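Participant: First the structure, then my questions, so here it is.
Derivation of every value follows stated rules applied to the coordinates shown; laboratory data play no part. A quick note: this is a predicted structure, and the numbers were derived from the prediction, not measured. Reconstructed Cβ throughout: ideal geometry from the backbone, glycine too, with neighbour counts over all protein chains shown.
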Amino acid sequence: MSETTVTFPIEMTASELGLVRTALEILEDTLGHEEAEELAEVQALLRRLPAPPQAG
C-alpha cells in the first residue's frame, strides 16, 4: 500500500510562526539516535517553514 500525502494549508501570524519554529527546534534538540526517523521529519519540516520576517 502506498503512502498518500495529505497537505493542510494554514495561516499564521509572524509570532505564531516563530512559536512553531521554536517548538520544533526544541523538539529537534531533545530527539536522540533512537528517534532518528522523527528527527529527520522534524528537520524536514523546519526546512519547509518560511523564513522568519526581518525586524525592521
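Participant: Less than 14 Å Cβ to Cβ from Glu3, Lys/Arg counted +1 and Asp/Glu -1: what total charge do the surrounding residues give?
Facilitator: Values: positive: none; negative: Glu37, Glu41.
Charge balance near Glu3 sits at -2.
Participant: Could you give me the ³J(HN,Hα) list for segment 37-46, computed from phi with Karplus coefficients 6.51, -1.76, 1.60 and θ = phi - 60°, whole Hz, x at Gly and Pro?
Facilitator: Calculated HN-Hα couplings, in order: 5, 5, 4, 4, 5, 5, 5, 5, 5, 4 Hz.
Participant: What order do you get for Arg47, Arg21 when you list them from fewest to most C-beta neighbours inside 10 Å? Don't skip to the end; give the middle numbers.
Facilitator: Working: Arg47 7, Arg21 16.
By the 10 Å Cβ count, ascending: Arg47, Arg21.
Participant: Quick check for me: using +1 on Lys/Arg Cβ and -1 on Asp/Glu Cβ, what's the dipole size of the chain about its Cα centre, in debye to the nearest 20?
Facilitator: 380
Participant: Would you calculate the convex hull of the Cα atoms in the chain and tell me its volume per residue in Å³?
Facilitator: Details: hull volume 5.3 nm³, N = 56.
Once divided by residue count, the hull of the chain is 95 Å³.
Participant: Kindly provide the GluC sites (Glu not before Pro) of the chain that DSSP labels as loop, not H, G, I, E or B, and whose Cβ sees at most 12 other Cβ atoms within 10 Å.
Facilitator: On the way: sites: Glu3, Glu11, Glu16, Glu25, Glu28, Glu34, Glu35, Glu37, Glu38, Glu41; in loops: Glu3, Glu11.
Sites meeting the loop and neighbour criteria: Glu3, Glu11.
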